[in-house]
Amino acid sequence: MKAVLLDGFGGTGVLRIGEVERPSPAQGQVRIKVMTTSVNRPDIVQRQGNYRQPPGESEILGVEVAGTIDALGSGVSGCKVGDRVMCLVAGGGYAEYVLAYANHLIPIPQSMSLEEAACVCETYITAFLNIFLIGNFANGESALLHGGGGGVNTAAVQLCKTLTPASQVFVTASPGKVERVKQLGADFVIDYTSQDFAQEVKRFTDGKGVDLILDHLGAKYLASNMAALAVEGRLLLIGVMGGSKAELNLALMMVKRQRIIGSVLRSRSVEQKGQITAAFIKTVLPKLADRTIVPLIHAVLPLEQVAQAHAMMESSKHFGKIVLRVSTSK
């Protein structure tokens, strides 16, 4: 089968299209004929050699796919060959076929295209898991979401405004994305290149701060995040793009009864991912099916242009997801 392979680690030049053996599903797994996949930040970091796939999983890049079930492993029930599905995978998404656990499958609504389906699992599940399942975000609370225009950020804005419509949503964004983030539904958009987001949050909340922050930058933003966080606020840390080590005023954190929660999705157990997927299907999938929430697509490229797709993500000029079309035949 056709797949994206790596000639070592480094820049986009290490990516190439090659041939590998088609995988066979084990017990509890299905094989999916991949129609579309998408580019996510973990793909970039793994390509650079800074993020290994979980033990025993495919070394091929790609953590989410959309397509049709091609084969069933033993013990699988509740689905059949030919079903349209989207799902998280621990690796192997940049290929014509990929293995997935049956309890991670999400049926693709008839109202959703395969390109849109490729945009759902990594970003919307990440946002849903951290903001709602872990962060216990409640209607009427306020949230600060960093990275305006990125996949997780746009998903987070949509989820907050749909599931908790009385919430206040603050977003940090670059100058070129401010207006589009506002159109997406954010209540306050802060230009992080010219404004101090902690000061702006305090100004808009009359000094209270926000109840929840979703952050992927880590050390670079830690001090400002804590300053922007309200009493009993929660900082959900899902990445360290801005560094992994920083000083923290523990005394102030104690006085304000704040919490810092680290979270990753990819390395969780099969069972945990199944539980998260089930909660997502129950709460979010109906909103996708009736198109209350519509995934944002920045570009759709053929798999052969994977290097251009990676370069596009690394430029940070995209707004929404970058989709790779793997196959056009069902």
In region 134-143, the residues that are part of a strand (DSSP E or B) and of a type in the set (A, V, I, L, M): ALA143
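This table checks each residue for (1) surrounded by fewer than 24 Cβ atoms within 10 Å (Cβ to Cβ); (2) over 22 Å from the mean Cα position of the chain (by Cα); (3) farther than 25 Å from THR277 by Cα; (4) free of Cβ contacts under 8 Å to residues at least 12 places away in the same chain.
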position	(1), (2), (3), (4)
LEU145	no, no, no, no
GLY151	no, no, no, no
THR172	no, no, yes, no
VAL178	yes, no, yes, no
THR193	yes, yes, yes, no
ASP206	yes, yes, yes, yes
HIS216	yes, no, no, no
- prompt: In region 24-40, how many are touching a Ser or Thr at 6+ places or on another chain (Cβ under 8 Å) and of a type in the set (Val, Ile, Thr)?
  reply: 2
message: I need the helices (runs of 4 or more DSSP H) fully contained in region 250-330, keeping only those with at least 1 residues that are of a type in the set (Phe, Trp, Tyr) and either out of contact with any Asp or Glu (no Cβ under 6 Å at 6 or more places or on another chain) or modelled with pLDDT under 95 (or both).
response: 270-283
message: I need the full set of residues from region 117-127 which are more than 17 Å from ALA279 (Cα to Cα) and touching a Leu at 6+ places or on another chain (Cβ under 8 Å), in order please.
response: ALA118, CYS119
task: Scan ILE297, ILE276 and give me the residue that is touching a Lys or Arg at 6+ places or on another chain (Cβ under 6 Å), under 23 Å from LYS161 (Cα atoms) and surrounded by 18 or more Cβ atoms within 10 Å (Cβ to Cβ).
output: ILE297
query: In this structure, is ASP187 in contact with a His (Cβ under 6 Å, 6 or more places away or on another chain) and on the phi < 0 side of the Ramachandran plot?
result: no
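The values are calculated or read from the model by the stated rules, or taken from the named source; none is laboratory data. Bear in mind the structure is a predicted one, so any value in this text is a computation, not a measurement. We place every Cβ from the backbone using ideal geometry, glycine too, and count neighbours over all the protein chains shown.
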